[in-house]
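The values are calculated or read from the model by the stated rules, or taken from the named source; none is laboratory data. These numbers were taken from a predicted model, which means no experiment stands behind them. For neighbour counting, all protein chains shown are included, and Cβ atoms are generated from backbone atoms with ideal geometry for every residue, glycine included. Areas reflect the complete protein model, heavy atoms only, side chains present, ligands, DNA and RNA absent. Shrake-Rupley method; radii C 1.70, N 1.55, O 1.52, S 1.80 Å.
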Amino acid sequence: MEFLGKKLRHELKYYIHPYEYVTLRQRLSAMLQLDGNSDDKDGYGIRSLYFDGPHNHSLYDKVNGIFDRQKFRIRIYNGSDRTIKLERKSKYGDYVSKEAAQLSREEYDRILMGDVSFLLEYNVPLLKDFYTSLQGGYQPAVIVDYVREAYVYELGDVRITFDKMLSAGINTNDLFDPNLAVSEALDSTKTIMEIKYNDFLPEAIRLIVRPDTHNRSSISKYVICREVGYRHFRP
């Protein structure tokens, strides 16, 4: 499915309890492959720096349930600077679209210092749009950190992910700061399960995850971590 020239995917989110997580990971691991980024069976680390506008457009668009909304973030994996991605995640109701562009460590450092003119040197719409947003007042808002256990299934381009140990950065906006302090953002009895697929969810996968038996939730790790930040800095 496409909308405004963007390829859309289904994205369903659920809070699940530990016993559900254990059962589901056992069944999924018997049929699906772990994502190639995984260090081991528990998954891999994701750390993202989210940006927002001077009026917190991304935050309040999500909270208010705006149909068409987007977020910019810079994402790294397992704390390494080998892969640094600028991403724009667009949301249209229950559908999502994600665009990404690779950044070097030097380019990342320049962005944090406010030196962003280089973004216009590339003929990449995402980089140009990010530049325009930064000129319009977008700035770093929060670091979101968690461990992702992801299972993939080629038919339908399915990804079933379990996001664990969700934390918010509270003392810096630098993804690579060795003194980054994080605060737990989610009750340890909750794991976030996401089901992502293109046009259809294969029946074999549906029978395992049984999405109709779980309560869907409008979960935003960004919003959760922003709230943690507010708690830490509230006078």
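Over the range 121-164, what percent of the accessible surface lies on carbon and sulfur atoms, probe 1.4 Å? On the range 121-164, the fraction of accessible area on carbon and sulfur atoms equals 47 percent. When you count the other C-beta atoms within 10 angstrom of each residue and take the mean per peptide, 73-82, 135-144 line up highest first as 135-144, 73-82.
With 30 Å as the limit on Cα-Cα distance, the pairs of LYS7/LYS85; LYS6/LYS221; LYS41/LYS62; LYS71/LYS164 that go past it are LYS41/LYS62. Modelled spin-label separation between SER188 and SER80, with each label point placed 7 Å from Cα along the Cα-to-Cβ direction: 2.9 nm.
Computed from backbone phi with θ = phi - 60° and the Karplus coefficients 6.51, -1.76 and 1.60, the 3J(HN,Hα) list for the range 152-164 is 10, 9, 4, 5, x, 6, 8, 10, 10, 10, 10, 9, 10 Hz; x is used for glycine and proline.
Hydropathy at least -1.0 by Kyte-Doolittle, axial extent at least 20 angstrom from the Cα trace: which helices of the chain, defined as entire DSSP H runs, fit? Walk me through the intermediate numbers first.
Numbers: long enough: none.
In the chain, no H run is both long and hydrophobic enough.
Rounded to the nearest whole Hz, the Karplus-based 3J(HN,Hα) values (6.51 cos²θ - 1.76 cosθ + 1.60, θ = phi - 60°) of the range 93-102 follow the sequence x, 8, 10, 10, 9, 10, 10, 9, 9, 6, with x at glycine and proline. Averaged over its residues, the chain has an accessible area of 51 Å² per residue, based on protein heavy atoms and a 1.4 Å probe.
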